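Asker: Have a look at the structure that comes next, please.
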Amino acid sequence: KAGVTQTPRYLIKTRGQQVTLSCSPISGHRSVSWYQQTPGQGLQFLFEYFSETQRNKGNFPGRFSGRQFSNSRSEMNVSTLELGDSALYLCASSLEDRGGQETQYFGPGTRLLVL
Amino acid sequence: AQSVTQLGSHVSVSEGALVLLRCNYSSSVPPYLFWYVQYPNQGLQLLLKYTTGATLVKGINGFEAEFKKSETSFHLTKPSAHMSDAAEYFCAVSGDAGKSTFGDGTTLTVKP
């Protein structure tokens, strides 16, 4: 079974631009979560989508948004990029266990550099 | 609410020595606990997980971890370190649906 895939793997943007990142989950997984990883802040939860609905959201500004399609693929969008948005963006998919607890499988990430 | 504390941001061991990476957690519901490894410029790879049942969990690459509810700990061990084990290791807890909380990570260095 193929793993989680993320595109693009690397991206360079300038301040003020916007960016869209894509994530394809493991086949059959309906939950997709996004995380931001930076040296200073570590791994931080952005949001989670389940069956095309945002189910959970972290403490990020409204410039960060996402969506999920009917095939469970997800996109994350960041508008008006800032230098501090430079990070590794990780996507994880999961097959929800009973009780809502999950095992997440991560993609390789998209490394975004904002100049 | 849930949180994870990894004790020691850097751990250094000699090749062949015991590896011990410490993780303590808090969770308001019975937790699922995970250890992930991240090699440079790569994503996270699941090493092992505890869900229910046996408290000693064996993972890939010879790693294992023991869930101790009374100590709220989930320490990661490997009897004999190998050079290829050098990486960053993250402990995580999942209790709130759809959200994993990660520790700050521990960088493992293996000396020849």
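Quick note: the coordinates plus some simple rules give every number you see, no bench work behind them. Bear in mind the structure is a predicted one, so any value in this text is a computation, not a measurement. Here Cβ is always computed from backbone atoms with ideal geometry, including for glycine, and neighbour counts include all displayed protein chains.
Asker: Given the Cα atoms of the range A:30-97, and with Rh set as the inverse mean 1/r over their pairs in the Kirkwood sense, what is Rg to Rh to two decimals?
Answerer: Radius of gyration over Kirkwood radius for the range A:30-97 works out to 0.97.
Asker: Also, quick follow-up: Tell me, what is the Rg over Rh of chain A, with Rh the Kirkwood radius over Cα pairs? All intermediate terms of the calculation are to be shown ahead of the outcome.
Answerer: Numbers: Rg = 13.5 Å, Rh = 14.1 Å.
Rounded to two decimals, Rg over Rh is 0.96.
Asker: How many angstrom separate the Cα center of the range B:1-25 from the Cα center of the range A:28-102?
Answerer: 27
Asker: Which of the three applies to the range B:64-112, rounded, prolate or oblate, going by the alpha-carbon gyration tensor with a ≥ b ≥ c and a/c under 1.5 meaning rounded? Intermediate results must be reported in sequence, preceding the final value.
Answerer: Values: a/c = 3.16, a/b = 1.69, b/c = 1.88.
Oblate is the answer for the range B:64-112, as a/c is 1.5 or above yet b/c matches or exceeds a/b.
Asker: So for chain B, what percent of the C-alpha to C-alpha distances run longer than 24 Å?
Answerer: Details: 1140 of 6216 pairs.
So the portion of pairs separated by more than 24 Å is 18 percent.
Asker: I've got another one for you. Considering only Cα-Cα distances, which of the following residue pairs are longer than 31 Å: A:13/A:57; A:13/B:58; B:69/B:111; B:58/B:111?
Answerer: On the way: A:13/A:57 25 Å; A:13/B:58 42 Å; B:69/B:111 33 Å; B:58/B:111 24 Å.
Table pairs above 31 Å Cα-Cα are A:13/B:58; B:69/B:111.
Asker: If you filter the range A:23-115 for chymotrypsin sites (Phe, Trp or Tyr not before Pro), then keep DSSP loop positions with at most 14 other Cβ within 10 Å, what is left?
Answerer: Values: sites: A:34, A:35, A:45, A:47, A:49, A:50, A:64, A:69, A:89, A:105, A:106; in loops: A:69.
Answer by residue number: A:69.
Asker: Expressed as cubic angstrom per residue, what is the convex hull volume of the alpha carbon set of the protein assembly as shown?
Answerer: Numbers: hull volume 27.7 nm³, N = 227.
About 122 Å³ per residue, rounded to a whole number.
Asker: So, one more: Among B:31, B:79, B:40, which one shows the highest mean-square fluctuation when chain B is modelled as a Gaussian network with alpha-carbon springs under 10 Å?
Answerer: Maximum fluctuation in the GNM of chain B, among the listed residues, is at B:40.
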